[in-house]
């Protein structure tokens with residue numbers, strides 16, 4: 001087995017583990033948020049207007065996947081440059097595509113979204129004359 005194959009297998013294994021960890025963390029967070037909503041107050045009566053502020057942060061899992069993606073791209077470039085046959089170049093292309101898909105999914109799933117809701121109070125105007 002070539003060193004490129006070993007590195008590719010290691011990165012694919014790490015990517016799969018990172019994706020599973022990110023999915024499990026996201027599922028646990030969603031479940032926790034749903035449980036908190038069920039314990040919260042029941043919806044109020046009447047129309048309301050609010051300002052919603054969204055905040056998106058990358059989790060440590062997302063940062064690790066981004067690092068592995070950069071390293072995998074560099075490794076695939078080195079494999080491509082060092083290969084002397086077409087098969088080696090094909091291998092470098094496959095490593096690049098596979099790592100981009102796996103680590104890219106890890107980056108996307110490794111995001112944390114939070115929302116803040118600010119109620120807006122309206123001033124009622126008289127319609128009389």
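Please treat every number below as a calculation from the coordinates, not as lab data. Given the structure is predicted, the values throughout are model-derived calculations rather than measurements. Using ideal geometry, Cβ is built from the backbone for each residue, glycine included, and neighbour counts are taken over all protein chains shown.
Modelled this way, with points 7 Å down the Cα-to-C-beta line, the labels at residue 20 and residue 89 are 3.7 nm from one another.
For residue 77 and residue 113, the FRET efficiency from 1/(1 + (r/R0)^6), where r spans their Cβ atoms and R0 equals 35 Å, is about 0.60. Taking label positions 7 Å along the Cα-Cβ direction at both residue 50 and residue 31, the computed distance is 2.5 nm, reported to one decimal.
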